[in-house]
Amino acid sequence: MNDIVTLTMNPALDITTVTGRVIPTDKMRCGTPRRDPGGGGINVARVLNVLGEQATAVFPSGGHSGRALEDLVATEGVHSRTVTIRGSTRESFTVNEEQTTLQYRFVLPGPLLTPLEVDSCLHLLTTTAADARFVVASGSLPPGVPVDFYQIVADIVSNRGAQLVLDTSGPPLRAVHRGVYLLKPSIRELRECVGRELVTIDDQVIAARDLISSGVCEVVVLSLGAAGAVHVTAEEAEHCPSVKVPVVSGVGAGDSMVAGTLFGLARGWDMRDSVRFGIAAGAAMLGTPGTALCCRADIERYYAQLTDRATVGGGEV
């Protein structure tokens, strides 16, 4: 039984390295690269695995980079099911600059998927998630995938009685009109979705409730970065701050937050404690290089520190 299934339509082989200074023209000698599996749903499945909650990652895979990605996922002990595609899985490249501690992230476009490959991904999701309680659909869509793809996914998940957790942005998010259980946008993604400025927490809560009242989703967990998160339902809105942690890399922190929140929900916790655990998981990911995995001990330590929370009443973010 696949209790939790993740879907990543635009996975990546993430490569991270370091150099003294990023400059034009001259060669920049880099340190030994590390390679990690990447892509929203894959990262969610990896963090859940660290927490002892098995998930099955569904994703398209092609070329040498795709085979390397599959090998890395398997090495970490994450269950996966893949659709073989003609194009090559994309690579993403992160360079940490030693002199300034700045981070440069180069994200390549995904491969072009054919209509048959897209249909194969949907079919594989349908069969894999037949017994699932939760499905996580996360990340961007590669070329060839229709903009309303996540609405198709939402309908499939709803028809099977599972709950969909969605983390995406831009046109694919705006094309979703129903069937999502939990939506996890950033402030920027929520602002782009509703088409207006969201200066205060009140503004953000109203925007989240607009999505809830229109039937898009039941819960919005709004990521505020270093300020924590606000979870919004039709009845309540509550802010939980984050903890201060040394930041090594921001790559994968949002995916880790989704994984932590889902970990709590899968164990029957209430929404506020699940979101608090998600914030702790996101904070733990900030201390790892590239998309290297965080550890459970750090997540639990940060979770224990997150005792403050408040019903949202107003004020500046």
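The values are calculated or read from the model by the stated rules, or taken from the named source; none is laboratory data. A quick note: this is a predicted structure, and the numbers were derived from the prediction, not measured. Note: ideal-geometry Cβ built from the backbone for every residue, glycine included; neighbour counts use all protein chains shown. Heads up: the accessible areas ignore ligands, DNA and RNA and are worked out on the full protein's heavy atoms, side chains in. Shrake-Rupley method; radii C 1.70, N 1.55, O 1.52, S 1.80 Å.
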Residue among I187, L198, L286 farthest towards the positive dipole end of the chain, charges placed on Cβ: L286
Theoretical FRET efficiency, 1/(1+(r/R0)^6), r = Cβ-Cβ of V248 and Q54, R0 30 Å, to 0.05: 0.65
Compactness index (Cα Rg / 2.2 N^0.38 Å), the chain: 0.96
Most positive-pole-ward Cα, T82, H64, T100, against dipole of the range 39-105 from beta carbon charges: T82
Fully extended contour minus Cα-Cα distance, from E300 to R209, at 0.36 nm per residue: 29.7 nm
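Tally up the carbon and sulfur contribution to the accessible surface of the range 182-238 as a whole percent, 1.4 Å probe, everything protein left in place.
Using a 1.4 Å probe with all protein chains present, the range 182-238 comes out at 50 percent carbon and sulfur.
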Rounded Å value of the spacing that divides the Cα centres of the range 135-214 and the range 219-259: 16 Å
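Would you kindly state how much longer the chain becomes between S169 and V107 on full extension, computed as 0.36 nm times their sequence separation minus their alpha carbon distance, in nm to one decimal?
Details: separation 62, 0.36 × 62 = 22.32 nm, distance 1.57 nm.
Value of the extension gain: 20.8 nm.
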Estimated inter-spin distance, D131 and R29, nm [label 7 Å along Cα→Cβ]: 5.6 nm
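Nearest-5 percent of antiparallel DSSP beta bridges in the chain?
On the way: 22 of 54 bridges.
So the antiparallel bridges amount to about 40 percent of the total.
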For the chain, with +1 on Lys and Arg beta carbons and -1 on Asp and Glu, the positive-most of G39, P172, T127 along the dipole: G39
Sequence-distant residues sharing a close amide H with A12 (under 5 Å, placed H): G38, G39
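What number comes out for accessible area per residue over the chain if the probe is 1.4 Å? Units Å², please.
Numbers: 13500 Å² over 317 residues.
For the chain, the per-residue accessible area is 43 Å².
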Among beta bridges that DSSP assigns inside the range 1-113, antiparallel share in %, nearest 5: 40 percent
Under 5 Å, built H, 5+ apart or other chain: amide partners of A237: V312
Most mobile listed residue (N159, N43, N96) in the chain, GNM with C-alpha springs under 10 Å: N159
V18-E192 pseudo-label distance in nm [points 7 Å out on the Cα-to-Cβ vector]: 3.1 nm
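What length, rounded to one decimal in nm, is gained on full extension from D71 through to N159, with 0.36 nm per residue of separation minus their alpha-carbon distance?
On the way: separation 88, 0.36 × 88 = 31.68 nm, distance 3.26 nm.
My answer for the length gained is 28.4 nm.
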Solvent-accessible area, 1.4 Å probe, carbon plus sulfur percent, for the range 1-154: 54 percent
13 Å reach of a label modelled at H177, 7 Å along Cα-to-Cβ, counting backbone N of the range 206-224: 214-216
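About the Cα centre of the chain, how large is the charge dipole given +1 on each Lys and Arg Cβ and -1 on each Asp and Glu Cβ? Please answer in debye to the nearest 20.
Its charge dipole is roughly 620 debye.
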